[in-house]
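Since the structure comes first, as structure tokens, the remarks are kept for the end.
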Amino acid sequence: MDASQPSGAEASAKVIDGKLVAQQIREEIAAEVSRMKDAIGAVPGLAVILVGDRKDSATYVRNKKKACEAAGINSFEVRLQEDSAEAEVLKHIAAFNDDPAVHGILVQLPLPKHMNEENVLNAVSIEKDVDGFHPLNIGRLAMRGRDPLFVPCTPKGCIELLRRSGVQISGKRAVVIGRSNIVGMPAALLLQREDATVTIVHSRTKNPEEIVKQADIVVSAVGQSNMVRGSWLKPGAVVIDVGINAVEDASCSRGYKLVGDVCYEEASKVASAVTPVPGGVGPMTIAMLLSNTLASAKRIHNFQ
Ligand SMILES: Nc1nc(=O)c2c([nH]1)NC[C@@H]1CN(c3ccc(C(=O)N[C@@H](CCC(=O)O)C(=O)O)cc3)C=[N+]21
């Protein structure tokens, strides 16, 4: 018996360590970046556009920049005031589209309400769309026999976590909770491409727990703490928790702590494996962004 499991207690799920897996991937990327630089003298570059001063967005952008530096990827940043005109954002996107040192362009979401997200995402060259949010890339994700140039980072991170944890996807029943453009919907499409049988559960679904209970693989991307209870899960299910929810906690120095959508304590007694929050999908998102940026540079420079 595994000495780390408390004896006589209920079954305890394996913790899928996203931070560790992401670190491994980042090391692989750093090695590839250096091999490419040595061979052809080209260095991948990522441009990030941040509008407004949301604290969470600023933190994510800072983490992305640090991760780029550590992997040897150049990073470029534009910060605009909350009340900037949409045309200003479009102008910067156009400049990055034309800049040969930039291989990936990311416009941090959400954008201020006065901007039209669709217009902005449409403006990013599909060749540099490392977020995978351009409608053409998303459309190709939904079609059989077509391949997008880039797949959205968070869903791609979920699949990569499953793969590197040895979880078989093909033939399994997967339930995705949430249908957002940036996580739920692309996650469902990706799982389907991996030959899972996929159901999407959303805010209008009746008795979601009955549907979730049939899943071998559950991906939750809702943004509501403790929504998925242990009783919703089939024994032995694999749970990927994409939610990042701040809940008040006076004992934390920041005054809040981060939790997922899934009641972790309960889930770890029923599931066979579960991702923690923090330290699960979040770090994988950033690793996949670096991976997409490297892949873009390789494609543009025709380097294998
Ligand atoms: N154009 C665009 N692309 C994105 O990929 C994008 C975005 N907009 N807007 C916001 C969401 C959110 N997101 C996260 C990235 C890293 C962590 C992450 O590293 N989380 C750490 C902890 C972070 C902390 O402690 O605050 C973890 O879960 O362990 C989380 C969330 C990317 N997003």
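Just so you know, all these numbers are worked out from the coordinates, no wet-lab data involved. Please read these numbers as outputs of a predicted model, since none were measured by experiment. Cβ placement follows ideal geometry from the backbone for every residue including glycine, while neighbour counts extend to all protein chains displayed.
A few comments on the model shown:
- Karplus-derived 3J(HN,Hα) values for segment 31-43, using 6.51 cos²θ - 1.76 cosθ + 1.60 with θ = phi - 60°, are 5, 5, 4, 6, 5, 5, 4, 5, 6, 10, x, 9, 10 Hz; glycine and proline are entered as x.
- Within segment 108-208, the proportion of Cα pairs with more than 18 Å between them is 52 percent.
- Kirkwood hydrodynamic radius of segment 1-137, Cα pairs, Å: 17.3
- The order of the peptides 56-66, 277-287 by mean Cβ neighbours within 10 Å, most packed first, is 277-287, 56-66.
- Relative contact order (%) - criterion: Cα under 8 Å, at least six apart; region: the chain: 22
- Under 15 Å from the Ser253 label point (7 Å along Cα→beta-carbon), backbone N, segment 52-82: none
- For segment 141-288: relative contact order, % (alpha-carbon pairs under 8 angstrom, 6 or more apart): 23
- Whether segment 206-304 is rounded, prolate or oblate, judged on the alpha carbon gyration tensor where a/c under 1.5 counts as rounded: oblate
- Full-extension gain in nm, Lys91 to Lys65, via 0.36 nm per residue minus C-alpha separation: 7.2 nm
- In a simple Cβ point-charge model (Lys, Arg +1; Asp, Glu -1; nothing else charged), segment 152-282 has a dipole of about 260 debye relative to its Cα centre.
- Sequentially through segment 184-195, phi angles give Karplus couplings (6.51, -1.76, 1.60; θ = phi - 60°) of x, 5, x, 5, 5, 5, 5, 4, 5, 5, 8, 6 Hz, Gly and Pro residues having no value and appearing as x.
- Summarising the strand pairing of the chain, around 10 percent of its internal DSSP beta bridges are antiparallel.
- Among beta bridges that DSSP assigns inside segment 152-282, antiparallel share in %, nearest 5: 20
- In segment 8-52, inverting the average of 1/r over every pair of distinct C-alpha atoms gives 14.2 Å as the Kirkwood radius.
- In the chain, the longest principal axis of the Cα atoms and the axis of helix 281-300 are about 40 degrees apart.
- Gaussian network model of the chain, springs between alpha carbon atoms under 10 Å - residue of Pro44, Pro235, Pro155 with greatest fluctuation: Pro235
- Here the 3J(HN,Hα) profile of segment 124-131, calculated from phi with Karplus coefficients 6.51, -1.76 and 1.60 at θ = phi - 60°, is 6, 4, 5, 6, 10, 7, 5, 7 Hz, Gly and Pro shown as x.
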